[in-house]
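Please treat every number below as a calculation from the coordinates, not as lab data. Predicted, not measured: the structure shown is a model, and the values here were computed from it. Please note: Cβ atoms are built from the backbone with ideal geometry, for glycine as well, and neighbour counts cover all protein chains shown.
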Amino acid sequence: MMTAIGNIFKIPELKRRITITLLLLAVYRIGCHIPTPGIDSAALTSFFEQAGGTLLGFFDMFAGGAMKRLSVFALGIMPYISSSIILQLLTVVVPYLERLQKEGEMGRRKIVQYTRYGTVILSIIQGFGIAMWMEAQHGMEGAPIALHPGWSFRLMTTITLAAGTSFLMWLGEQITERGIGNGISLIIFAGIVASMPAAIVQTSQLIKTGELGPILMLGIVALMVAVIAFIVYMETSHRRIPVQYAKRIIGRRMYGGQTTHLPLKINTAGVIPPIFASSILMFPATIANFVNHPWMQKIQNFLQPTTLTYNLLFVGFIIFFCYFYTAVVFNPVDVAENMKKYGGFIPGIRPGSSTADYIDRVLTRITLGGAIYVAGVCVLPTFLYARFNVPFYFGGTALLIVVGVALDTVQQIESHMLTRHYEGLISGGRIKGRRG
């Protein structure tokens, strides 16, 4: 392993790409500590201590702590992700976007351009909403968060937050183009892992004081390793459907005749289902912070993350969104038509509608296993916190993102090494990315 890591720095292009990636991520982390003008930091910190279980705390996890500081990167990259998801959903119902998606590279560039416009629009809307909301909030001692409320504060905050998100979007694209890995994913990755040192320090202090026993801690560490290994296994798992291509004679040459396979991912939807499910269930708690009504307080107590009702709804929403998002991003009819167009068929299955039905049936079955796996990982933090009083949240959406992004990045590094005749990072095998 150490020899393989040392080989990374023997490839000038790979060394340059990794260096650029680390420098751009450092720029992102520095920006997370630059505050937005006109904010009382002490009042803001005290307010967020009360809002940890709401949507604000959830989005702060993806923003790497920038939301609770209301830094210039407070919105994070979430507007870009929201815009991408909206465009993906619209391609199903808007014929023009569906045609663009099928036009290859030119169509993809056009959709990316629309995604950028959508990101700016969403950033302006969210930035203005946060500015209006900040004017009405106070810290624990009644100190106002906005020092000078008014239209000047609203415009300054809106422009600052929208510019910060736009810069992050550009930063992610530069990492993708000039660095290594997917830039947007790596920015989210960096924001999540930034909280790990604080969790490690807190855990070590609990061990020193005797509040957390060493045997229990060893058991938790063993469970962590097992869960991460399980996530790696599931994220790289595919159901391979054999595909046979018939021989075709074009001119004087014969094409086709080979056997390949169609890989269907166990978890096609990725981390989108838990993000959607968490957002829906945290919405009442967020509203309850602003609306002081007995009914809202009852709903908030009813949907606490430690309650059985919350976890049952959470699992149900995850399973629903796994099927829903898989149906959006994967169309068995298009796959069957493309196979038929190029002379491909599944042995024992008629080309056309029968092939589409077969693929849909297989995808439906494996998606259930993927949904149960995602739901199990996402409810693990609640179980550990409630049963063993673990001082940090291990598992959930954050862990799925961290492991998935790490897999994709390592797979890209290994591809660079193998193309230059160096041994991969893992001897005796090859790392599979989530996309196969």
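Computed values, structure above
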{"read-out": "Links that overshoot a 26 Å alpha carbon limit, given the list LYS15/LYS102; LYS15/LYS110; LYS102/LYS265; LYS265/LYS340; LYS68/LYS208", "value": "LYS15/LYS102; LYS15/LYS110; LYS68/LYS208"}
{"read-out": "Dimensionless Rg ratio for the stretch 149-220, taking C-alpha atoms and the 2.2 N^0.38 Å reference", "value": "1.80"}
{"read-out": "5 angstrom amide H check on ILE241, placed H, neighbours 5+ away", "value": "LEU262, LEU264"}
{"read-out": "Nitroxide proxy distance, nm - points 7 Å out along Cα→Cβ at ILE159 and ILE20", "value": "3.2 nm"}
{"read-out": "Size of the stretch 1-194 as Cα extents on the principal axes (Å, biggest first)", "value": "56, 51, 29"}
{"read-out": "Ordering of 97-105, 372-380, 234-242 by burial proxy (mean other Cβ atoms within 10 Å per residue, highest first)", "value": "372-380, 234-242, 97-105"}
{"read-out": "Relative contact order (%) - the stretch 306-413, alpha-carbon pairs under 8 angstrom, separation at least six", "value": "25 percent"}
{"read-out": "Extension gain (nm, one decimal) between LEU89 and LEU418, 0.36 nm per residue minus Cα-Cα", "value": "114.8 nm"}
{"read-out": "Computed label-point distance, nm, for sites ILE215 and ILE228 using a 7 Å Cα→Cβ extension", "value": "2.5 nm"}
{"read-out": "Virtual spin-label span in nm between THR260 and PHE302, 7 Å along Cα→Cβ", "value": "5.2 nm"}
{"read-out": "Mean Cβ count within 10 Å, highest first, over the residues of peptides 220-228, 270-278, 115-123", "value": "270-278, 115-123, 220-228"}
{"read-out": "Karplus-derived HN-Hα couplings along the stretch 144-152 (A = 6.51, B = -1.76, C = 1.60, θ = phi - 60°), whole Hz, x at Gly and Pro", "value": "x, 6, 7, 6, 9, x, x, 5, 5"}
{"read-out": "Paramagnetic label zone (point 7 Å from Cα along Cα-to-C-beta, GLU98; backbone N under 16 Å) in the stretch 327-348", "value": "327-338"}
{"read-out": "For the stretch 1-194: relative contact order, % (alpha-carbon pairs under 8 angstrom, 6 or more apart)", "value": "30 percent"}
{"read-out": "Built amide H within the under 5 Å cut-off of SER71, gap 5+", "value": "THR36"}
{"read-out": "Spin-label proximity, ILE121 to the stretch 67-93 - amide N less than 17 Å from point 7 Å beyond Cα toward beta carbon", "value": "79-93"}
